[in-house]
1. Considering the stretch 99-117 alone, what residues qualify as being closer than 19 Å to Pro152 by Cα and β-branched (Val, Ile, Thr)?
2. Taking the stretch 43-93 as the region of interest, how many residues are surrounded by 15 or more Cβ atoms within 10 Å (Cβ to Cβ) and in contact with an Asp or Glu (Cβ under 9 Å, 6 or more places away or on another chain)?
3. For the stretch 65-74, what are the residues that are assigned to a strand (DSSP E or B) and aliphatic (A, V, I, L, M)?
4. Failed condition for Ala192, given (1) within 16 Å of Ser47 (Cα to Cα); (2) small (Gly, Ala, Ser); (3) surrounded by 20 or more Cβ atoms within 10 Å (Cβ to Cβ), with all others met?
5. Go through the stretch 46-67 and count every residue that is among the polar types (S, T, N, Q) and either touching a Leu at 6+ places or on another chain (Cβ under 9 Å) or at positive phi (or both).
6. Exactly one condition in (1) without any contact (Cβ under 8 Å) to a residue 24 or more places away in the chain; (2) in a loop (DSSP other than H, G, I, E, B) is not met by Gly114; state its number.
7. Sort out which residues of the stretch 197-236 are of a type in the set (Gly, Ala, Ser) and assigned to a helix (DSSP H, G or I), and write them in order of number.
8. What are the residues in the stretch 136-178 that are modelled with pLDDT of 80 or more and assigned to a helix (DSSP H, G or I), if any?
Amino acid sequence: MRQYAGWQAPFYSFWSKPFYVDVAKNWGGLAYAYLFVLLCFTWLFLSIKIDMDFSYNADHFMKPIIEQLPVMTIDKGILSIDHVSPYTIKTTTGEALITFDTSDKPMNPPQAPGIFLVEKNTVIIKASELHKRLKEVNKESGASSPYDGTPPPDQNMDLFSGTDHAIIDQKTVNQSINSLKKLLAIFVFVIALPLGFILCVLQSLIYGLLAMAIASANQINLSYGAAVRLSVVAMTPVILMDSLLKLRHADSIFWGPIAFLITVVYIIVAVRANMDDPNQKSQTTNS
């Protein structure tokens, strides 16, 4: 009979050897149901946090940019604006971000201020300028920069040819952002939860093989199903720590390897906990 309920796992998985013995012997098909509920819990908070961050950025960084947007009219795939070209939109720090030049002879991309150059039938992403800005951000934060190499070429995108007629103004953009604010948390949860669950299931199957190898090395009689169950529950501390770090924006590129090592340590603890159980101990014969 099962001694520990699924709701107790987030607590006992951090330290209890009897708990891991119970998981191996009695949990049966409960492990993946528990994993799904655990991920529902963590992704609920993460989705709300992502939605709150987006709303903050929309109000403090995107709103001043939107207030500078011209009225954009697309007629038979050709863009026009209600400002004299060229017209430049700047960030809250005064840096050029988007330049509109819908004249018949637009300026060359290197001469256009900002990262984006919007022409009457093409949007050009100035990858070299984006590369430069990202490099500066990494330098200011003190992080190692992946943007020290050769900048990529500019990217041209045709966004208007498929549109017969449309008018885009500040009100339209604000309505779209407000709608996204309302739906973002739901969208993130619906997408991230199944993807996260599938990833964790695949990890547990691989970790199960590791658990089997550890059991064999310690002469513990452990089935693959029990090994996978132990792996699922042994992932709990890392799942909770990972969620907490993401909520506080404290995760880094070093967290992945550290999380893997922590999971391996818990798998070793979970398997070796069953060494003390006489029903799990392999029977050896003297030769």
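The values are calculated or read from the model by the stated rules, or taken from the named source; none is laboratory data. No experiment lies behind these values; they were computed from the predicted model shown. We place every Cβ from the backbone using ideal geometry, glycine too, and count neighbours over all the protein chains shown.
1. Restricting attention to the stretch 99-117, the residues satisfying the condition of being closer than 19 Å to Pro152 by Cα are 108-117.
If the condition is that a residue be closer than 19 Å to Pro152 by Cα and β-branched (Val, Ile, Thr), then Ile115 is the only one that fits.
2. 10
3. Let us first name the residues in the stretch 65-74 that are assigned to a strand (DSSP E or B), namely 72-74.
Of everything in the stretch 65-74, those that are assigned to a strand (DSSP E or B) and aliphatic (A, V, I, L, M) turn out to be Met72, Ile74.
4. Just one mismatch for Ala192, condition (3).
5. Looking only at the stretch 46-67, we keep the residues that are among the polar types (S, T, N, Q), and these are 47, 55, 57.
Filter once more, so that each one left must be either touching a Leu at 6+ places or on another chain (Cβ under 9 Å) or at positive phi (or both): 47, 55.
Residues meeting the conditions: 2.
6. Of everything listed in (1) without any contact (Cβ under 8 Å) to a residue 24 or more places away in the chain; (2) in a loop (DSSP other than H, G, I, E, B), Gly114 misses just condition (1).
7. To start, the set of residues in the stretch 197-236 that are of a type in the set (Gly, Ala, Ser) comprises 204, 208, 211, 213, 215-217, 223, 225-227, 231, 234.
If the condition is that a residue be of a type in the set (Gly, Ala, Ser) and assigned to a helix (DSSP H, G or I), then Ser204, Gly208, Ala211, Ala213, Ala215, Ser216, Ala217, Gly225, Ala226, Ala227, Ser231, Ala234 are the ones that fit.
8. Gln170, Lys171, Thr172, Val173, Asn174, Gln175, Ser176, Ile177, Asn178
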